[in-house]
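Colleague: Below are the structure tokens for one structure; questions will follow.
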Amino acid sequence: MAVIILVVVLTSVAAHNSLRRRDVDNADHWVMGIFFFDRSDSRFFVPKRFGFGWTPNFAHPASWLVLALPLVIALIATLRR
């Protein structure tokens, strides 16, 4: 899991160098105004639309893996009891 996170972070940092802020501000890429979804954007993390911080690009397959992995681990831990 640490390797996956490291790869995702490094790819995001590399993509950050070519940050396309206008794409992030485009309302067409925001689902319900809070979830960023853009298949043409290869970044895993994008700047939040409002405020500070980053949000995952839910069109990136790794975002679903990173979100689901802790849930799977918790489910396995619960079922093993």
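The values are calculated or read from the model by the stated rules, or taken from the named source; none is laboratory data. The structure presented is a predicted model; accordingly, all values stated were derived computationally and were not measured. Positions of Cβ are backbone-derived with ideal geometry, glycine not excepted, and every protein chain shown enters the neighbour counts. What goes into the accessible areas is simple: the full protein's heavy atoms, side chains included, and nothing from ligands, DNA or RNA. Shrake-Rupley method; radii C 1.70, N 1.55, O 1.52, S 1.80 Å.
Colleague: In the list Val24, Val8, Val13, which residue meets the criterion of being at pLDDT below 85, in contact with a helix residue (DSSP H, G or I) (Cβ under 6 Å, 6 or more places away or on another chain) and surrounded by 10 or more Cβ atoms within 10 Å (Cβ to Cβ)? Please lay out each step first, then the result.
Modeller: On the way: Val24 fails: in contact with a helix residue (DSSP H, G or I) (Cβ under 6 Å, 6 or more places away or on another chain); Val13 fails: in contact with a helix residue (DSSP H, G or I) (Cβ under 6 Å, 6 or more places away or on another chain).
Testing whether each residue is at pLDDT below 85, in contact with a helix residue (DSSP H, G or I) (Cβ under 6 Å, 6 or more places away or on another chain) and surrounded by 10 or more Cβ atoms within 10 Å (Cβ to Cβ) leaves just Val8.
Colleague: Any residue at all in the range 38-52 that is surrounded by 14 or more Cβ atoms within 10 Å (Cβ to Cβ), on the phi < 0 side of the Ramachandran plot, at pLDDT 85 or above and of a type in the set (Gly, Ala, Ser)?
Modeller: Checked the range 38-52: no residue is surrounded by 14 or more Cβ atoms within 10 Å (Cβ to Cβ), on the phi < 0 side of the Ramachandran plot, at pLDDT 85 or above and of a type in the set (Gly, Ala, Ser).
Colleague: Something else: Does Arg80 count as of a type outside the set (Ser, Thr, Tyr), out of contact with any Asp or Glu (no Cβ under 7 Å at 6 or more places or on another chain) and open to solvent by less than 70 Å² (accessible area, probe 1.4 Å)?
Modeller: Details: of a type outside the set (Ser, Thr, Tyr): yes; out of contact with any Asp or Glu (no Cβ under 7 Å at 6 or more places or on another chain): yes; open to solvent by less than 70 Å² (accessible area, probe 1.4 Å): no.
Criteria not met by Arg80.
Colleague: Additional query: Considering each residue of the range 53-77, count those that are surrounded by 11 or more Cβ atoms within 10 Å (Cβ to Cβ), part of a helix (DSSP H, G or I) and under 11 Å from the mean Cα position of the chain (by Cα), and give that number.
Modeller: 6
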